[in-house]
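The values are calculated or read from the model by the stated rules, or taken from the named source; none is laboratory data. Computed from a prediction, not measured in an experiment: that's the story for all the values here. Using ideal geometry, Cβ is built from the backbone for each residue, glycine included, and neighbour counts are taken over all protein chains shown. Quick note on the areas: whole protein, heavy atoms, side chains included, nothing else; ligands and nucleic acids left out. Shrake-Rupley method; radii C 1.70, N 1.55, O 1.52, S 1.80 Å.
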Amino acid sequence: MNVVQRARQDLVIANRILAHMRVLDAYGHVSIRHPLDPARHFLSRSTGPAIVEVGDIVEFTHDGAPVTPEPRPLYLERFIHGAVYTARPDVHAVLHAHAEDVLPFTISSVPFRPVLQNVGDMGATIPVWDIADRFGPDTDLLVRNIEQGRDLAGALGQGRVALMRSHGFVSAGRTLNDLVRLSVYIPRNARVLMAAMRLGGELKGLHPGEMAARLAIDPESPAMRRGWELWAREAGCAHLLDD
């Protein structure tokens, strides 16, 4: 299997895992940068992540246009992906999700921060992007064009995660496995943080050195790929791992 076929197949696995782990439901989407052409990326056509197949994967330029004519419906918010890839040459996978555990932190002044070691590489400061700040109070909160996508990518900056007010979050990965692993633990971090806040008292997050040490771990090391392999089997797509 060549690297392009592998990337397309891995993207199917990522969709299935993220749906199985309840990070994505019928909505939300995940993409991977083209392994041979950094000016392009792969993203599914508009369909539920749990049922994505290889034939659903579409190749896009970073302005959100399919490389070849595509008669099937496309995700409305596909512009998020291309905007992040354009702004961040170091990013090789992008996710947009609506996980409800994260949503309280998009509408509250309480900051979302890492408290679990598994998200130590998501960054100490997580920005909240509000589409109304630049595009006014009358949008439907969806990122419908490349200008809005670029504004969101600007809020993400050089970070790994940005929250979207009343909407969800976007995350960026060094590899697809890196993105999937981090995105699985982001809602879990939100649940633990909320539970600790209900307890009251002093909240202790991760130290800067702990976050730096976590970020220094090779995302493709055997330990960091353990989740990918297990979750693929649990999601019913083990046959795609080695095809």
**Item:** Positive minus negative residues near residue 97 (Lys, Arg vs Asp, Glu; Cβ under 12 Å)
**Value:** -3
**Fill in**
Kirkwood radius from Cα pairs of the range 1-98 plugged into Stokes-Einstein at 4 °C, 1.567 mPa s, gives D in µm²/s equal to 98 µm²/s
**Item:** Estimated distance in nm for a label pair at residue 195 and residue 70, the labels positioned 7 Å out from Cα along Cα-to-Cβ
**Value:** 3.9 nm
**Fill in**
Sorted on mean Cβ neighbours within 10 Å (highest first), peptides 205-212, 183-190, 155-162, 67-74 come out as 183-190, 155-162, 205-212, 67-74
**Message:** Accessible area of the range 32-170 with a 1.4 Å probe: how many percent of it is carbon plus sulfur?
**Reply:** 54 percent
**Request:** Can you tell me the order of 142-149, 89-96 when each peptide is scored by its average per-residue count of other Cβ atoms within 10 angstrom, highest first?
**Result:** 89-96, 142-149
**Net charge of neighbours whose Cβ lies under 13 Å from the Cβ of residue 224, counting Lys and Arg as +1 and Asp and Glu as -1** = 0
**Fill in**
With every protein chain kept in place and a 1.4 Å probe, the range 1-68 has an accessible area per residue in Å² of 42 Å²
**Item:** Sum of -39500 (n - 2.57) over DSSP H runs of 4+, divided by residues of the chain (222 nm, nearest 500)
**Value:** -11000 deg cm²/dmol
**Message:** With every protein chain kept in place and ligands, DNA and RNA left out, what is the accessible area per residue of the range 120-233? Probe 1.4 Å, answer in Å².
**Reply:** 48 Å²
**Complete:** Classified through the alpha carbon gyration tensor (a ≥ b ≥ c as square roots of its eigenvalues; rounded if a/c is under 1.5, else prolate when a/b is larger than b/c, else oblate), the chain comes out oblate
**Request:** First check a/c for the range 68-139, with a ≥ b ≥ c the square roots of the eigenvalues of its C-alpha gyration tensor; if it is under 1.5, answer rounded, and if not, answer prolate when a/b is larger than b/c or oblate otherwise.
**Result:** oblate
**Item:** residue 134-residue 61 pseudo-label distance in nm [points 7 Å out on the Cα-to-Cβ vector]
**Value:** 2.1 nm
